[in-house]
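Visitor: Below you'll find the structure I mean.
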Amino acid sequence: MSLSDNALVTLIQAKNFLKVDATASLHVDAEFVALGDGTTKAFSLGHTPVEGSLKLYVNNVLQVETTNYSLSGASITFVAAPTLNYPITASYDYSSATDTFEAYDDDLLEKLIEAATKKAEDYTGRYFVQRVITESHQGDGSEILRLYKRPVVSITAVSYKRIGNAIGDGSTDAFSLGYVPKANSLTVYVDGVLKVITTDYILSGSTVTFTTAPVDGAEIIFRFEVGLTLNSDYFEQVYSGRLKGSWSGDYEYEVTYTAGYGTRAEAQAILPDVLTAVLLIISDIYETRSDKAGNINISGLGSTDYTMPSRAAELLDLCRIDIL
């Protein structure tokens, strides 16, 4: 998987926030090292921990490096030998070699980044990294049509969908649609069968001419879009992400527009709170990987909080106030 251009944070940024070494994506949750015998001070881990990542426990009590033990590569030496039958456990990150699951872990993080970005966009009603969007809106007879995402940079096109009907008589081959269809939007069905342009019919302006006239009684359906004209059919209110016009309840309107703050770097600079919120969401999901909630005590690892961080929601709230 490759991270989308629309994602708000990079893989490296996410790894740094998670304190996962950029060259190491593998993690040991709870390695059983040994049982203390009251005499032995030296023990070996299964891998060499990434610096600063080791959490070492004796009988569920977290040990302090230099005070309780020293670490050299994968070798642990206790200052005082662990008590007889006290379990020694460890959790840590370690550098991945070739042909490991590192690529899978990166794929997982990239998926989380995509999901967290979309969650934040949906929550705030904004697009962060600039791109083109096409939206459908059902007319409701009002004067204002509100676009879903902010900030709106420009409107590319506005159109509405129409359905035309006719009945074949066995001789008529030309039918007027009454409107010129938007390019590549016309589909034609005769008795439920989709017809092929140039093979079964041609379109010239607002007129459809069949190669062979539809048989008597055949039901003909024309589906197409009609383009609207700026300053004639509608007016742009780009600053507020709205269009002013007459949005009839009989039609479905399609709007193609560009929204967002620019590049990923530009969006991050403008929206530091959203950047932090997205990283918090990624961190919560990645480190939890569980459907548990609240504080759970894990033997050998102590208490872990699985509650979704409220700080992420607080930060996102700051960014949607002026949209509501």
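The values are calculated or read from the model by the stated rules, or taken from the named source; none is laboratory data. All figures in this text were calculated on a predicted structure; none of them were measured in a lab. All Cβ positions, even for glycine, are placed from backbone atoms using ideal geometry, and neighbour counts span all protein chains on display.
Visitor: Looking only at region 158-173, how many residues end up being within 7 Å of Ala213 (Cα to Cα) and in contact with a Phe, Trp or Tyr (Cβ under 9 Å, 6 or more places away or on another chain)?
Guide: 2
Visitor: Lys182 versus (1) surrounded by fewer than 17 Cβ atoms within 10 Å (Cβ to Cβ); (2) part of a loop (DSSP other than H, G, I, E, B): which is the lone unmet condition?
Guide: Result: Lys182 fails condition (1) only.
Every residue, every condition in (1) at pLDDT 85 or above; (2) out of contact with any Asp or Glu (no Cβ under 9 Å at 6 or more places or on another chain); (3) small (Gly, Ala, Ser); (4) surrounded by fewer than 16 Cβ atoms within 10 Å (Cβ to Cβ), yes or no:
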position	(1), (2), (3), (4)
Val9	yes, yes, no, no
Val20	no, no, no, no
Asn60	yes, yes, no, yes
Thr89	yes, no, no, no
Ser95	no, no, yes, yes
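Visitor: Need a quick list: strands (runs of 3 or more DSSP E) entirely within region 212-324 having at least 2 residues that are modelled with pLDDT of 90 or more and either surrounded by fewer than 19 Cβ atoms within 10 Å (Cβ to Cβ) or of a type in the set (S, T, N, Q) (or both).
Guide: 219-227, 234-237, 242-245, 252-259
Visitor: Residues that are within 28 Å of Leu109 (Cβ to Cβ) and not aliphatic (A, V, I, L, M): find the strands (runs of 3 or more DSSP E) completely inside region 1-78 holding 2 or more of those.
Guide: Ranges flagged: 26-35, 55-58.
Visitor: Six or more apart or on different chains, Cβ under 6 Å: which pairs go from a residue in region 193-210 that's part of a loop (DSSP other than H, G, I, E, B) to one that's aromatic (Phe, Trp, Tyr)? Could you list them?
Guide: Note: pairs meeting the criteria are Lys195/Tyr201; Ser206/Tyr179.
Visitor: If you don't mind, another one. Among the numbered conditions (1) surrounded by 14 or more Cβ atoms within 10 Å (Cβ to Cβ); (2) acidic (Asp, Glu); (3) more than 30 Å from Asn6 (Cβ to Cβ), tell me where Glu143 comes up short.
Guide: So Glu143 meets the others, but not (1).
Visitor: Next question, about the same structure. Please go through region 100-156 and pick out each residue that is of a type in the set (Lys, Arg), touching a residue at least 60 places away in the same chain (Cβ under 8 Å) and under 20 Å from Tyr286 (Cα atoms).
Guide: Matches in region 100-156: Lys111, Lys119.
Visitor: Still on this model: Please tell me if Asp107 is assigned by TED's automatic domain parsing to the domain that holds Tyr286, under 30 Å from Leu271 (Cα atoms) and either out of contact with any Phe, Trp or Tyr (no Cβ under 8 Å at 6 or more places or on another chain) or modelled with pLDDT under 95 (or both).
Guide: yes
Visitor: Here's something else I'd like to know. Can you list residue pairs whose Cβ atoms sit under 8 Å apart, with the first residue in region 52-77 being within 12 Å of Ala42 (Cβ to Cβ) and the second being among the charged types (D, E, K, R)? Count only pairs 6 or more apart in sequence or on different chains.
Guide: Leu71/Glu65; Thr77/Lys41
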